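The values are calculated or read from the model by the stated rules, or taken from the named source; none is laboratory data. Just so it is clear, the structure is predicted and the values come from calculations on it, not from any experiment. Glycine gets a Cβ as well: all are built from the backbone with ideal geometry, and neighbour counts include every protein chain shown. Calculation scope for accessible area: heavy atoms of the full protein, side chains included, ligands and nucleic acids excluded. Shrake-Rupley method; radii C 1.70, N 1.55, O 1.52, S 1.80 Å.
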Amino acid sequence: MDRLVEMIPLFTKSLEETVIMVGVSLFIATVIGIPLGILLVVTQGNHLFPNKTLFHILNVIINIVRSLPFIILMVAIIPFTELVVGTSIGIEGAIVPLIVYTAPYIARLMETALLDVDRGVIEAYQAMGASRTQIIFRIMLREARPGIVLCLTIATIGLIGATAMAGAVGAGGLGDLALRYGYQQWDIEVMLITVVILIIMVQAIQSLGNWAAKKLKKNA
C-alpha cells in the first residue's frame with residue numbers, strides 16, 4: 001500500500017500525459033475530420049455538390065488509413081512524424097499518428113451522421129431557395145448534432161485506446177505506465193489500477209456523450 005501511495009505522482013503524471021495526447025489529437029482530428037465527413041456526403045452522386053472523382057479519392061484514402069492498425073500506422077509514418085514535429089517519440093511523436101489515425105475515423109462517423117438527416121428536409125429548404133452552403137451549415141449540421149456528439153464520443157474513446165498503444169514507443173501516458181510496470185515488471189497492482197483508471201475515463205466520457213446527445217435531440 002505504501003508503495004502505491006508513493007506512485008500516486010507517477011499515476012497523476014501519466015494521466016495528465018494521456019489527457020494531453022487525447023485532447024490535442026481530438027481537437028486537430030476533429031478540425032480535419034468534420035470537413036472531410038461533409039465532403040464525403042455532399043460529393044456523392046445525388047447530393048448537393050456531386051463530384052464522383054473527389055468522392056472516390058476521399059473514400060479510398062480514408063479506407064486505406066482506417067484499414068491499418070494504429071501500431072503499424074505509427075511506425076509506417078515515422079518519417080512524416082519527424083518532418084512535422086522533429087521527433088517520433090514522446091508525446092509530440094505520438095500526437096501526429098494519433099491525428100492521422102483519428103481524422104479519417106471521425107470523417108466516416110460524420111458521414112454516417114449526416115446521411116441520417118432526412119432528405120425531405122433538405123429538399124424542402126432547397127425548394128424555399130436556401131443555398132447549398134446554408135443547407136450544409138444551418139440544416140444538415142444542426143439536424144445531425146446528436147449524431148455528431150456521439151461520433152466524437154466514440155472517437156474519443158478510440159483515442160484513449162490508441163494512446164495506450166502509443167506507450168509502446170515511449171509516448172508516455174497510462175499505456176507506458178502499464179507497459180513498464182504492469183508488463184515488463186509484472187506488477188499486477190499497477191496494471192489493475194491502470195485498467196480501473198481507463199475504465200472510469202471511458203465510462204465517464206460515454207455517459208457524458210450520451211447525455212449531451214439526448215439533450216440536443218430533445219432541443220431539436
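Any residue that is loosely packed, with under 14 Cβ neighbours inside 10 Å and at pLDDT below 90 - is there at least one of those in region 176-183? If you could, list the steps in order and put the result at the bottom.
Let us first name the residues in region 176-183 that are loosely packed, with under 14 Cβ neighbours inside 10 Å, namely 183.
The next check asks that each one be at pLDDT below 90; those that pass are 183.
So far as region 176-183 goes, yes, one or more of its residues are loosely packed, with under 14 Cβ neighbours inside 10 Å and at pLDDT below 90.
For region 60-86, give me the residue count where each residue is open to solvent by less than 40 Å² (accessible area, probe 1.4 Å) and not hydrophobic (A, V, I, L, M, F, W, C). Give the steps one after another, and end with the answer.
Restricting attention to region 60-86, the residues satisfying the condition of being open to solvent by less than 40 Å² (accessible area, probe 1.4 Å) are 62, 65, 70, 73-74, 77, 81.
Next, from what is left, pick out any that are not hydrophobic (A, V, I, L, M, F, W, C): 81.
The total comes to 1.
List every residue pair whose Cβ atoms lie under 8 Å apart, where the two residues are 6 or more positions apart in sequence or sit on different chains, the first residue falls within region 151-171 and is more than 15 Å from Pro69 (Cβ to Cβ), and the second residue, located anywhere, is among the aromatic types (Phe, Trp, Tyr).
Ala155/Tyr105
Please indicate, with yes or no, whether at least one residue in region 148-155 is hydroxyl-bearing (Ser, Thr, Tyr), touching a helix residue (DSSP H, G or I) at 6+ places or on another chain (Cβ under 9 Å) and modelled with pLDDT under 85.
no
How about region 38-52: which of its residues are in a loop (DSSP other than H, G, I, E, B) and free of Cβ contacts under 8 Å to residues at least 60 places away in the same chain?
Result: Thr43, Gln44, Gly45, Asn46, His47, Pro50, Asn51.
Conditions (1) within 30 Å of Ala171 (Cβ to Cβ); (2) without any contact (Cβ under 8 Å) to a residue 60 or more places away in the chain; (3) not in a helix (DSSP H, G or I), marked per residue:
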residue: Leu54; (1), (2), (3): no, yes, no
residue: Val60; (1), (2), (3): yes, yes, no
residue: Leu98; (1), (2), (3): yes, no, no
residue: Leu109; (1), (2), (3): yes, no, no
residue: Gly120; (1), (2), (3): no, yes, no
residue: Tyr125; (1), (2), (3): no, yes, no
residue: Ala130; (1), (2), (3): no, yes, yes
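For region 32-59, which residues satisfy the criterion of being of a type in the set (A, V, I, L, M), farther than 27 Å from Tyr125 by Cα and open to solvent by 60 Å² or more (accessible area, probe 1.4 Å)?
Listed by number, the residues that qualify are Ile32, Ile57.
Would you confirm whether any residue within region 125-132 is touching a helix residue (DSSP H, G or I) at 6+ places or on another chain (Cβ under 8 Å), surrounded by fewer than 17 Cβ atoms within 10 Å (Cβ to Cβ) and either modelled with pLDDT of 90 or more or under 24 Å from Ile64 (Cα atoms) (or both)?
Checked region 125-132: no residue is touching a helix residue (DSSP H, G or I) at 6+ places or on another chain (Cβ under 8 Å), surrounded by fewer than 17 Cβ atoms within 10 Å (Cβ to Cβ) and either modelled with pLDDT of 90 or more or under 24 Å from Ile64 (Cα atoms) (or both).
Taking only region 87-96 into account, find how many residues are open to solvent by 80 Å² or more (accessible area, probe 1.4 Å) and in a helix (DSSP H, G or I).
1
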